[in-house]
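All remarks here apply to the structure that follows.
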Amino acid sequence: MRDLIVFIAICFSAAATGSVFNTTSLKEWYPGIKKPSWNPPNAVFAPVWTILYLMMAVAGWMVYERSSQELINPPMILYVIQLALNTAWSMLFFGLRNPGLALVEVIFLWIFIILTTISFWGVYWLAGLLFLPYLLWVSFATVLNFAVWRLNRI
């Protein structure tokens with residue numbers, strides 16, 4: 001149980017780190033940029049990400065528990081990389097206010113989520129299954145990021 005708490009803390013620390021870049025931009029920059037008509041309301045993002053981070057934490061813990069509790073193995077390395085890329089996206093999109101650069105980065109994030117999902121599935125199918133909603137949401141976020149970039153490029 002202690003290890004699960006550690007994974008939850010790691011995921012929510014990544015979320016908190018990313019949200020540092022969101023705070024000012026969500027008030028000052030984001031409301032003024034053009035967004036597609038299908039952009040979800042801002043109130044949707046926090047609950048969705050909370051659930052996704054919790055699922056990511058449980059999936060990571062499941063794989064860790066079934067990998068002889070080794071942190072240095074391919075699934076865990078992929079897990080850490082995708083988590084770092086997840087955090088970096090907020091820095092690029094909201095912190096630097098650069099949807100174009102964030103778009104390039106989110107494509108790498110998407111690839112690493114796929115790789116992590118496949119590697120998790122190979123260790124424990126349920127861990128891979130827990131990553132599928134995250135993959136779907138980031139797929140949607142990638143298309144949304146593209147739309148925002150396209151609508152706001154100068």
Residue ID - surrounded by the most Cβ atoms within 10 Å (Cβ to Cβ), chosen from residues in segment 25-50 that are without any contact (Cβ under 8 Å) to a residue 40 or more places away in the chain, of a type in the set (S, T, N, Q) and in a helix (DSSP H, G or I): 50
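Taking into account only those residues within segment 131-154 that are in a helix (DSSP H, G or I) and free of Cβ contacts under 8 Å to residues at least 12 places away in the same chain, which is nearest to residue 57 (Cα to Cα)? Working first, answer last.
Step one: of segment 131-154, the residues in a helix (DSSP H, G or I) are 131-152.
Applying the additional criterion that residues be free of Cβ contacts under 8 Å to residues at least 12 places away in the same chain yields 136, 140, 143, 150.
Working: 136: 17, 140: 21, 143: 25, 150: 33 Å.
Here the residue is 136.
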Qualifying residue in segment 51-68 (condition: exposed (fewer than 15 other Cβ atoms within 10 Å of the Cβ), out of contact with any Gly (no Cβ under 9 Å at 6 or more places or on another chain) and closer than 16 Å to residue 134 by Cα): yes
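Considering only residues that are on the phi < 0 side of the Ramachandran plot and modelled with pLDDT under 85, which ones fall in segment 68-82?
To start, the set of residues in segment 68-82 that are on the phi < 0 side of the Ramachandran plot comprises 70-82.
Answer for segment 68-82, where residues must be on the phi < 0 side of the Ramachandran plot and modelled with pLDDT under 85: 70, 71, 72.
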Every pair of residues 6+ apart whose Cβ atoms lie under 6 Å, when the first sits in segment 112-130 and is free of Cβ contacts under 8 Å to residues at least 60 places away in the same chain while the second is aliphatic (A, V, I, L, M): 112/81; 112/85; 113/135; 113/138; 115/78; 116/78; 117/135; 119/78
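Go through 121, 125, 61 for me and flag whichever is in contact with an Asp or Glu (Cβ under 9 Å, 6 or more places away or on another chain), over 30 Å from residue 33 (Cβ atoms), at pLDDT 95 or above and not small (Gly, Ala, Ser).
Working: 121 fails: in contact with an Asp or Glu (Cβ under 9 Å, 6 or more places away or on another chain); 125 fails: in contact with an Asp or Glu (Cβ under 9 Å, 6 or more places away or on another chain).
Within the list 121, 125, 61, the selection yields 61.
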Qualifying residue in segment 95-105 (condition: acidic (Asp, Glu), in a helix (DSSP H, G or I) and at pLDDT 95 or above): yes
Qualifying position, being under 15 Å from the mean Cα position of the chain (by Cα) and of a type in the set (S, T, N, Q), among 68, 19: 19
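The values are calculated or read from the model by the stated rules, or taken from the named source; none is laboratory data. Computed from a predicted structure; not experimentally measured. FYI the Cβ positions are ideal-geometry reconstructions off the backbone, even for glycines, and counts take in every protein chain you see.
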